[in-house]
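Where a number appears in this text, it was derived from the coordinates with a stated rule and is not lab data. What you are looking at is a predicted structure, and each value in this text was computed from that prediction instead of being measured. All Cβ positions, even for glycine, are placed from backbone atoms using ideal geometry, and neighbour counts span all protein chains on display.
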Amino acid sequence: MEIVIMQPEQVEARRLAGERMHFVDVRSPGEFQQVHVTGALLYPLDGLQPKKIATELGISAQSPAVLLCAGGTRARRAAEKFLAEGIPHCLVVEGGTKAWEAAGLSVVRGKGVISIERQVRIGAGSMALLGVVLGSWVDPLWFFLSGFVGAGLIFAGVTDWCGMGMLLAKMPWNQR
């Protein structure tokens with residue numbers, strides 16, 4: 001089986017036509033609290049248990065899981081986990097919650113934290129600047145900090161895997 005990717009409008013059309021669907025959001029609790037698709041349930045990717053979720057929700061060919069994250073990457077990883085455990089009845093929303101909201105579809109807004117993506121940019125930018133300042137004023141070896149951050153950003157861009165983002169997602173302020 002392969003991962004089925006659908007546009008938000010296609011998913012919503014199926015839901016409006018009466019198809020029973022289970023919206024599974026795999027982001028961090030903080031991101032979910034900030035904004036999520038109406039009716040979505042939170043199952044963070046780092047603790048995802050596909051068989052347990054499938055049993056709890058009754059996921060089947062007639063009642064698939066609709067997987068969401070911020071932009072689609074984590075939802076694809078979740079779909080891979082579902083497929084690996086023999087649960088093929090999953091749809092991934094192309095563009096995630098951002099695309100869902102941009103399409104004008106129903107979301108729930110709450111008080112949340114800054115998105116993980118923005119937290120990574122703030123953290124990486126701060127560390128790069130700190131490396132330049134300390135390298136200029138304290139010891140040139142501090143320039144390696146800026147180089148390390150740059151290498152990490154390149155790695156994240158090439159592999160679509162961000163260690164800083166995964167670490168930030170586990171921070172207490174993102175676990176509300």
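Return the single residue from T159, T38, T97 with maximal mean-square fluctuation; model: Gaussian network over the chain, springs between Cα atoms under 10 Å.
In the Gaussian network model the winner is T159.
Counting only Cα, what are the radius of gyration and maximum Cα-Cα distance Dmax of the stretch 1-43, in Å?
My reading of the Cα-based Rg and Dmax gives 11.8, 33 Å.
What translational diffusion coefficient, to the nearest whole µm²/s, does the stretch 116-174 have by Stokes-Einstein, given a Kirkwood radius computed over alpha-carbon pairs, a temperature of 25 °C and 0.890 mPa s viscosity?
204 µm²/s
Would you mind getting me the FRET efficiency between W161 and T38? Use the beta-carbon distance for r and R0 = 30 Å, nearest 0.05.
0.50
Select from S126, M171, L141 the residue farthest towards the positive end of the dipole of the chain; place +1 on Cβ of Lys and Arg, -1 on Cβ of Asp and Glu, and compute about the Cα centre.
Result: M171, furthest along the dipole toward the positive end.
State to the nearest 20 debye the size of the charge dipole of the stretch 48-176 about its Cα centre, where the only charges are +1 on K and R beta carbons and -1 on D and E beta carbons.
360 debye
Taking springs between alpha-carbon atoms closer than 10 angstrom, which of G30, G96, G131 fluctuates most in the Gaussian network model of the chain?
Maximum among the listed residues: G131.
Evaluate 2.2 N^0.38 Å with N set to the residue count of the stretch 22-96, then give the Cα radius of gyration divided by it.
Dividing the Cα Rg of the stretch 22-96 by 2.2 N^0.38 Å gives 0.97.
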